[in-house]
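*Asks:* Mind looking over this structure? Questions follow.
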Amino acid sequence: MKKLEKKLQYTFKNHRLIDEALTHKSCKKEYNNERLEFLGDAVLDLVVGEYLFDKFSNVCEGDLSKMRASLVSEKGFTKLANLINLGDYIHISASEEKNKGRNKASILSNAFEALMGAIYLESGLEDVQNIMHRLIQEAYPKIDLDSIFRDYKTTLQELTQSIYGVTPNYIVVNSSGPDHKKEFEVSVRIHDKELARSKGKSKKEAQQEAAKIALEILKDQNE
């Protein structure tokens, strides 16, 4: 825990709360980090939104929304979690350990949200802001729209129009989980033929990931 505190530059007050934030549901304890994850998600949405609003005073609302959507995502939080080696401190079951759960993006990002939720509960918004500002700047040394957000859907559309003369279709093939934490699986298709599919915490995130995979496939096919 001392190593984690050093990386965060923050000293925990309530060790029971932090233990909860780091406990994955696979442990089958009387508590896990899902409730703190729910709180942390809301807090981080505000903190990141305010950070971008202050830093990019000349950027329009649409681009700010894109940047926030990229940062406040499974991929964005996993990147920040890896900066502090969060996987080393998460409590997971033996089966998850065998399945390399400490490296899973879903477990890492959820634990990161829960950790920030716990810090918010015991110390307030300012400490979360300080930690997040520092981590974002470390993760994105030259932070701008291009470094944070790449619109894979637009790039794929341009490519499929040039190759096939049509735009891709995105179809939600599955959704699971409770309302506050749904996961969507999206298929991207050309002429009813699936190019790729991916999952995400929102339809937009799943579409972006599916488009990214499709771009890599088309690139390999046309090299």
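The values are calculated or read from the model by the stated rules, or taken from the named source; none is laboratory data. Note that the structure is predicted; figures quoted are calculated from it, not measured. Every residue, glycine among them, receives a Cβ derived from its backbone with ideal geometry; neighbour counts consider all protein chains shown.
*Asks:* Is it the case that some residue within the stretch 43-54 is hydrophobic (A, V, I, L, M, F, W, C), touching a Phe, Trp or Tyr at 6+ places or on another chain (Cβ under 6 Å), buried (at least 16 other Cβ atoms within 10 Å of the Cβ) and not assigned by TED's automatic domain parsing to the domain that holds ASP179?
*Replies:* Yes - at least one qualifying residue is present in the stretch 43-54.
*Asks:* Pick out the one residue from GLU96, GLU113, GLU122 that is of a type outside the set (A, V, I, L, M, F, W, C) and exposed (fewer than 15 other Cβ atoms within 10 Å of the Cβ).
*Replies:* Going through GLU96, GLU113, GLU122 in turn, just one is of a type outside the set (A, V, I, L, M, F, W, C) and exposed (fewer than 15 other Cβ atoms within 10 Å of the Cβ): GLU122.
*Asks:* With respect to the numbered conditions (1) in contact (Cβ under 8 Å) with a residue 40 or more places away in the chain; (2) loosely packed, with under 15 Cβ neighbours inside 10 Å; (3) within 30 Å of ASN14 (Cα to Cα), which one is the sole condition not fulfilled by GLN137?
*Replies:* GLN137 satisfies every listed condition except (1).
*Asks:* Hey, another quick one. Take the stretch 156-214 and flag every residue that is crowded, with 20+ Cβ neighbours inside 10 Å, in contact (Cβ under 8 Å) with a residue 40 or more places away in the chain and either among the hydrophobic types (A, V, I, L, M, F, W, C) or at positive phi (or both).
*Replies:* Across the stretch 156-214, the qualifying residues are LEU156, ALA210, ALA211, ALA214.
*Asks:* Let me ask something else about it. Between VAL59, VAL43, which is at pLDDT below 90, among the β-branched types (Val, Ile, Thr) and either within 19 Å of LEU4 (Cβ to Cβ) or not in a helix (DSSP H, G or I) (or both)?
*Replies:* Only one candidate qualifies: VAL59.
*Asks:* Report whether or not ASN130 is of a type outside the set (Asp, Glu) and under 30 Å from TYR51 (Cα atoms).
*Replies:* Spelling it out, ASN130 is indeed of a type outside the set (Asp, Glu) and under 30 Å from TYR51 (Cα atoms).
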